[in-house]
Amino acid sequence: MEPSNEFDELFEEMKDVERSREAKQNTWLSLKSRIEAKRKRNIFPAFIALAIVAIASFLFLTFSNPSETEQSAEPLSNEEVIRAVLEIEYNGPDRELLRLMNDWMKLQSETVTNNQEEYDQLLESKEYKDYINYYPATFGEYFSEGVLASLINANLVFKYDHHLEDAGIEMHLENVEIKQEKDHPNIYRPIIEVSLTNSEGQKIYHTLREEFIFSTSEPGKIGSYNGVKDGGGLELQQKIKYFNTYVVNDEDVKTPSIDVSFDTLCFNGRTPDQQGKVEFKSGCTSDTNQIQPIMTRIDNLFVKETTEQETRERGELLPEIENYQIYLTNEADKGTTLYTITLYEDGILVFAPDSNIGIVGDITTKPHVFLYEEIKLMLDEFADNE
């Protein structure tokens, strides 16, 4: 498998920016009058587009002089480096970053700069230096030389913080599953689970993927950090921005309640190809390292009791579209199914006790296509006919 060169739509819109100092000054002068009239929450997006250019330029100099602490520190494993970056990126908003940004913005709004010389003097201020130094102080040890500057230009670090601040949302990293590419051992594509919580304590969850490519010339340093196509980054930004539309308030809505005692997970999969031929897959595992990630993916889904119409529609779709049935059972008696979970390729999951193939029971309140594809890959890992 070749490294992914396809970014999320979110990331594709954010390309590197190379501009002259004069152009940056002209942009600043045109924005300044509008910035002065707005509160910090409204001016984050406009300011960031300007600030990241100056920060990225500064970082090229910063990385050329590593500190004694950086030189003598015990090296981290690649997995530890990835986790460290994700801990920073997906726990937020970063209050210190926002404070430093606000201090620098306030200084600019209160200071008249009519020419390049006056603007250069402003760049010598403590507020500016504290702000731009925060990036390498936070992320610098994890990336190879020059990479962090390009990530700042592309808005790939601290990419959600001002969105979280604007929406009044807290984000927390819940779980990370790091997958290393077999054919390219320097490439890792972690599966990331985060929670979003508003001021009222309402919480929703999101799963996404990203790509880390480690430098071959600087071991232990990240040489490339990307989103991946359909990885879920754009959807996460939408959930932050429109949080309330994703919160389910219906009293009938709940999370799956799978209270059976099982030690084995089996499945049957039905996969039609473009010619109409159907491939059937099946398999069983009692390996908790394979079972737990699958069950974790569905723990926090919102479900409700299926209606008669939904029951009829699901029954009609079952022989027509790709689907997988997961059976929870025990190694000692695989003939007895304790619980069934049916996953349809349109992203709907249906939960039912006993051996019911998922036509009745509880149904998810919204499609989860990404989740379907993710679990499908996990099941295929222990398919008997692979």
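Every number here is computed from the coordinates shown, using simple stated rules; none is lab data. Keep in mind that what you see is a predicted model, and the values were worked out from it rather than measured. Methodologically, a virtual Cβ is constructed for each residue, glycine included, from the backbone with ideal geometry; neighbour enumeration extends over all protein chains shown.
The Cα center of the stretch 176-193 and the Cα center of the stretch 334-366 differ in position by 30 Å. Coupling constants for the stretch 86-99 follow from the phi torsions by the Karplus curve (6.51 cos²θ - 1.76 cosθ + 1.60, θ = phi - 60°), and in residue order they are 5, 4, 6, 5, 10, 10, x, x, 6, 5, 5, 4, 5, 5 Hz; glycine and proline get x.
The 3J(HN,Hα) values that the Karplus relation (6.51, -1.76, 1.60; θ = phi - 60°) gives for the stretch 315-331 are, in residue order, x, 6, 6, 3, x, 9, 10, 4, 7, 10, 10, 9, 10, 8, 8, 10, 4 Hz. Gly and Pro appear as x. Database remark: amide H of residue 90 closer than 5 angstrom to no amide H (H placed geometrically; neighbours at sequence offset of 5 or more, or on other chains; Pro and chain starts carry no H).
With 0.36 nm allotted per residue and the present C-alpha distance subtracted, the residue 178-residue 216 stretch has 11.8 nm of extension available.
If you take all C-alpha pairs in the stretch 264-380, what percent of them are over 24 Å apart? Distances greater than 24 Å cover 21 percent of the Cα pairs.
With R₀ set to 51 Å, the beta-carbon distance separating residue 263 from residue 103 gives a calculated FRET efficiency near 0.35. Derived scalar couplings between HN and Hα for the stretch 264-274 equal 9, 10, 10, 8, 10, x, 10, 10, x, 9, 5 Hz in order, rounded to whole Hz, by the Karplus curve 6.51 cos²θ - 1.76 cosθ + 1.60 (θ = phi - 60°), x for Gly and Pro. Note on residue 317 and residue 203: the extension gain reaches 37.9 nm, defined as 0.36 nm multiplied by sequence separation minus the Cα-Cα distance. Listed peptides 130-139, 311-320 appear in the order 130-139, 311-320 once ranked by packing, highest mean of other Cβ atoms within 10 Å at the front. Amide H contacts for residue 143 (H built 1.01 Å from N in the peptide plane; partners 5 or more residues away or on another chain; cut-off under 5 Å): 222.
So if we plug the beta-carbon distance of residue 292 and residue 129 into 1/(1 + (r/R0)^6) with R0 = 45 Å, what FRET efficiency do we get, rounded to 0.05? With a Förster radius of 45 Å, E is 0.45.
Can you pull a Stokes-Einstein diffusion coefficient for the stretch 146-237 at 25 °C (0.890 mPa s), Rh from Kirkwood over Cα pairs, as a whole number of µm²/s? For these conditions, the coefficient is 168 µm²/s.
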